[in-house]
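The values are calculated or read from the model by the stated rules, or taken from the named source; none is laboratory data. Computed from a predicted structure; not experimentally measured. Because the Cβ atoms are built from the backbone with ideal geometry, glycine has one as well, and the counts that use them run over all protein chains shown.
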Amino acid sequence: MRLRRLLRVTFAVVIVLTLGSLLLGAMLGQPILLSYTETGSMDPTIAEGDGFVVIPSTGLGSAEVGDVVIYDAQEANEGGLTTHRVVGATDHGYETAGDANIVTDQDGGEPAVTDGQIVAKAWTVGGDVVTIPHLGTVVMNIQSGIDSIRDVLGIGPRLGSQGIATLLFGVGVALLAFTFLTKSRSRHRERTRSRRTSVSARGIVFGLVVCLCIVTFGTMLAISGSTEFGTVSADYESDAPHVIQSGETGERNYERHNGGLLPVVSILEPASQGVSVEDEPTQLHHGESANTTITVTAPTERGYVLHAVSEFRYLAVLPPPLLEMLHDVHPWIAMTSVTAVVVSLFTLPFALLLGTGRIVLRERKSGGHTHDYLRI
């Protein structure tokens, strides 16, 4: 019986993680934990409609030839996220192609891919991509059903497919919780008159810690990212900021703005060849902006080149110099440190209040009435 329950719980956790990662990825505009292919361009490595496990590229360093990456395309597949393999590297960036394609994306008009465009890498074991057969097919069928509901109800323009998906996911979680509570209540009524239920205080604190870790770390991942900008390497001088004479340097202005409610510390660094940034960590409160000068060096070859810079934003709960030091070790070290501080500030009061025992719910009957009360 315990084994059966363990299997049910494991299956439920896997389903929730799968749906949650796909939904969160759709909301953030980049894959989280899982992704899938909609075409056969990566066949046979990843078949059409198969899912695969991804690793966010934030802080993982440069891509290497042979990596399967998800990048934000400018031209390929009409723009948007594209899953292809890195097949070469140039001074301007990477050459990419689908395993089933006979030409590279760059032969089709896509500029060389920069590190700033790469949002995730496919997880490989022994050189093989870890795939989940037909995951994408299931998701796309669900998406098709959502689109049908949107058309029938006429609420697409207000919510969109992602909004409806979020609504349906929330309803599903609510129904699951209602079913669990109803089932627990039914079993509770079958017990003797001296009925008693309790919950673990440590369990509540642990659940709060998990939620805060996911929200805090996920928020910093979401507000961090890369910005691409094009430069024309020309054989003449120009007053246009995006046109730089071949082999010469120019300057571009980069504006940072904090539209969020919480103060953040912003750290800017290059994400492509020919870009340099001399910038100190900048703390931005709500509504504040800051300008930074980016130095761009045009390649000796004439033509259009895509450059990129990456901006990492951390919640300002640690001094900027300390955050810079942690960021220099690894961005995820800085994010983990900030998350630890936030979680401690919010959960420590609850832990002191609830203790390490159990929160007991007693139920007594008196004169046909039921009285509930808590005892910690």
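Suppose the filter is modelled with pLDDT under 80, surrounded by fewer than 14 Cβ atoms within 10 Å (Cβ to Cβ) and within 26 Å of V338 (Cβ to Cβ); does G207 pass it?
yes
Within the bounds of segment 288-304, is there any residue that is outside the structural domain of Y94 (by TED's automatic domain parsing), in contact with a helix residue (DSSP H, G or I) (Cβ under 7 Å, 6 or more places away or on another chain), under 30 Å from Q106 (Cβ atoms) and in a strand (DSSP E or B)?
Checked against the condition, which is being outside the structural domain of Y94 (by TED's automatic domain parsing), in contact with a helix residue (DSSP H, G or I) (Cβ under 7 Å, 6 or more places away or on another chain), under 30 Å from Q106 (Cβ atoms) and in a strand (DSSP E or B), segment 288-304 yields no hits at all.
Looking at (1) farther than 24 Å from D91 by Cβ; (2) modelled with pLDDT under 85; (3) of a type in the set (S, T, N, Q), which is the only condition T282 fails?
In the conditions (1) farther than 24 Å from D91 by Cβ; (2) modelled with pLDDT under 85; (3) of a type in the set (S, T, N, Q), T282 misses (2) alone.
Taking only segment 93-110 into account, find how many residues are surrounded by fewer than 21 Cβ atoms within 10 Å (Cβ to Cβ) and not small (G, A, S).
The number of residues fulfilling the criteria is 7.
What's the total number of residues in segment 314-336 that are more than 16 Å from Q283 (Cβ to Cβ) and touching a residue at least 24 places away in the same chain (Cβ under 8 Å)?
5
If you take the residues in segment 294-333 that are of a type in the set (S, T, Y) and surrounded by 12 or more Cβ atoms within 10 Å (Cβ to Cβ), which one is modelled with the lowest pLDDT?
Of everything passing the filter in segment 294-333, Y304 is modelled with the lowest pLDDT.
For (1) at pLDDT below 90; (2) touching a Phe, Trp or Tyr at 6+ places or on another chain (Cβ under 9 Å); (3) in the same structural domain as A63 (by TED's automatic domain parsing); (4) buried (at least 22 other Cβ atoms within 10 Å of the Cβ), each residue gets a yes or a no:
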| position | (1), (2), (3), (4) |
| --- | --- |
| T83 | no, yes, yes, yes |
| D91 | yes, no, yes, no |
| V113 | yes, yes, yes, yes |
| I118 | yes, yes, yes, yes |
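With respect to A240, is the statement that it is crowded, with 16+ Cβ neighbours inside 10 Å and more than 27 Å from the chain's Cα centre (by Cα) true?
no
In the set S41, S62, which member is modelled with pLDDT under 85, outside any strand (DSSP E or B) and more than 16 Å from the chain's Cα centre (by Cα)?
Going through S41, S62 in turn, the sole match is S62.
State yes or no: is P270 of a type outside the set (A, V, I, L, M), surrounded by 19 or more Cβ atoms within 10 Å (Cβ to Cβ), out of contact with any Gly (no Cβ under 9 Å at 6 or more places or on another chain) and modelled with pLDDT of 85 or more?
no
Kindly establish whether H371 is under 30 Å from T216 (Cα atoms), assigned to a strand (DSSP E or B) and at pLDDT below 85.
Considered against the rule, which asks whether it is under 30 Å from T216 (Cα atoms), assigned to a strand (DSSP E or B) and at pLDDT below 85, H371 comes out as no.
Going by the structure shown, is A100 part of a loop (DSSP other than H, G, I, E, B), under 19 Å from the mean Cα position of the chain (by Cα), modelled with pLDDT of 80 or more and not assigned by TED's automatic domain parsing to the domain that holds P299?
no
Please verify whether segment 136-145 includes one or more residues that are part of a strand (DSSP E or B), modelled with pLDDT of 80 or more and of a type outside the set (K, R).
No, segment 136-145 has no match at all.
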